[in-house]
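Below: one structure, written as structure tokens.
What follows is calculated from the coordinates using simple rules that are stated; it is not laboratory data. Quantities reported herein were computed from a predicted structural model and do not represent experimental measurements. Heads up, the Cβs are rebuilt from the backbone with ideal geometry, glycines too, and the neighbour counts pull from every protein chain shown.
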There are 2 protein chains.
Amino acid sequence: MPELIHVMNLSNEEREDHEYWMKEAMKEALKAQEKDEVPIGAVIVYQGRIIGRGHNIRETQNLATGHAEIQAIEAANHYLGAWRLEGARLYVTLEPCPMCAGAAVLARIETIIYACRDPKGGCTGSLMNLAQEDRFNHQTQVIEGVLDAACSQMMKDFFKKLRKRKKLEKLSTKTVDNADL
Amino acid sequence: MPELIHVMNLSNEEREDHEYWMKEAMKEALKAQEKDEVPIGAVIVYQGRIIGRGHNIRETQNLATGHAEIQAIEAANHYLGAWRLEGARLYVTLEPCPMCAGAAVLARIETIIYACRDPKGGCTGSLMNLAQEDRFNHQTQVIEGVLDAACSQMMKDFFKKLRKRKKLEKLSTKTVDNADL
């Protein structure tokens, strides 16, 4: 199994290149946030350009499979007219879940690059590493930690706002309840 | 982690019920076969009826994510207008891969029922068991071996025919090559 690489172990030039594309994935994450979805975004980069974009649409589309990575992979498949994405990179703001790590392996993605870890469900380094499981018929390279702090903060801010909104909703329900008495 | 159940350990009544729905998944597999796709089919059963069907469309749609289970889960999501498929069963003719096992867990499927094992990529019993991984926030029941022999034979016949066709194509190319000389 190849090793998981932290972006800080790469050259400055490589790190800057990965940060450039991760910012594009972050733009996708913001699209999700605008829809009140957990802000997770992804892009597929092939031969120096983006051939697929995606963001989390689980709640708005009522789709269990509506993860950013799946949307981006499917868009890239459509763009190339091919299910194989050999030589392509998947950039995503959060560590992939089992479904998305599996999809990247099936699509023959060359490298998965993610920002922050998901300690509860991440399957490319945290709970396990499905992208580098040598019993599967393909393995991908994995680079972690690209714009980690920025992507992590985006998630924290989202959940903080969500908790605040839920608290306010609860309070307003209580006020209505009291008015009813 | 709950245990993987073999259908032979269930009652006759339960086995017959599972076989009834697996036959529906087999109908889906035949649809894939008609398109020259590897014959894999799936259905989602909820409250005694099918709410999602799917078959392998990877080659015809050039879609890395075009597995039977993903199609069936998405169809069920659309049908219910909900990403949560709590209380639903996923029937599939071949053991799910990491992507599909992951999707079933994300969709909160109650039980995955499959026919034959996939020793090379199966992730609900063969290489690992992602559906019953207790570090994830949901686990499904898993029943294996329902119409195992019939589904396995369907796959074997498909690959046998494919090999025969490829051999004939090779021979016909050779004949053309010789004619060119």
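Using the structure shown, select from A:K27/A:K160; A:K120/A:K174; A:K120/A:K156; B:K31/B:K170; A:K120/A:K170 the pairs with a Cα to Cα distance greater than 23 angstrom. Pairs exceeding 23 Å: A:K120/A:K174; B:K31/B:K170; A:K120/A:K170. Note on segment A:37-97: the alpha carbon radius of gyration divided by the globular reference 2.2 N^0.38 Å gives 1.08. Fewest neighbouring Cβ atoms within 10 Å first, the residues A:R163, B:R84 line up as A:R163, B:R84. Relative to the other identical copies, A:K27 shows label-point distances of 4.7 nm, where the label point lies 7 Å from Cα along the Cβ direction and values run shortest first. Per-residue HN-Hα couplings for segment A:130-141, Karplus 6.51 cos²θ - 1.76 cosθ + 1.60 at θ = phi - 60°, whole Hz, x for Gly and Pro? Coupling constants for segment A:130-141: 6, 6, 10, 8, 6, 7, 7, 7, 8, 10, 10, 6 Hz.
Karplus-based coupling profile of segment B:84-94, in residue order and whole Hz: 8, 10, 4, x, 9, 10, 10, 9, 8, 6, 10, with θ = phi - 60° in 6.51 cos²θ - 1.76 cosθ + 1.60 and x standing for Gly or Pro.
Put simply, the C-alpha atoms of segment B:5-178 give a gyration tensor, and the ellipsoid matching it has half-axes of 31, 17, 15 Å, longest first.
Shape class of the protein assembly as shown from the alpha-carbon gyration tensor: oblate, with a/c at 1.5 or above and b/c at least as large as a/b. Highest mobility in the GNM of chain B, judged by mean-square fluctuation with C-alpha springs under 10 Å and restricted to B:P96, B:P119, B:P39, is found for B:P119. Once C-alpha pairs closer than 8 Å and six or more residues apart are averaged by separation and normalised to the residue number of segment B:5-178, the relative contact order reads 18 percent. Look at where the Cα atoms of segment A:135-170 and of segment B:113-163 average out, and the two centres are 32 Å apart.
Give, as ranges by residue number, the residues of segment B:121-146 whose backbone N falls under 13 Å from the point 7 Å along Cα→Cβ of B:S152. Once the point is set 7 Å along Cα→Cβ of B:S152, B:145-146 turn out to lie under 13 Å by backbone N, inside segment B:121-146. With K and R counted +1 and D and E -1, the other residues having a Cβ less than 14 Å from that of B:D134 yield a net charge of 0. Residue by residue, segment B:116-122 carries 3J(HN,Hα) couplings of 10, 6, 10, x, 8, x, x Hz when phi is fed to the Karplus relation 6.51 cos²θ - 1.76 cosθ + 1.60 (θ = phi - 60°); x denotes Gly or Pro. Counting only DSSP beta bridges with both residues in segment B:24-181, the antiparallel share comes to about 55 percent. Annotation note: GluC sites (Glu not before Pro) in segment A:62-94 located in DSSP loop regions with a Cβ neighbour count of at most 15 within 10 Å are A:E86. Between A:R165 and B:K120, the simple spin-label model (points 7 angstrom out along Cα→Cβ) gives 4.6 nm. Around the amide H of A:I112, modelled in the peptide plane, lie the amide H atoms of A:L90, A:Q141, A:V142, A:I143, all under 5 Å away and 5 or more residues distant in sequence or on another chain.
Under 5 Å from the amide H of B:G41 lie the amide H atoms of B:A29, B:T93, B:L94, each residue being 5 or more positions distant or on a separate chain, with H modelled from the backbone and absent for Pro and chain starts.
Helices of chain B meeting both criteria, an alpha-carbon length of 30 angstrom or more along the long axis and an average Kyte-Doolittle score not below 1.6, with helices taken as full DSSP H segments, do not occur.
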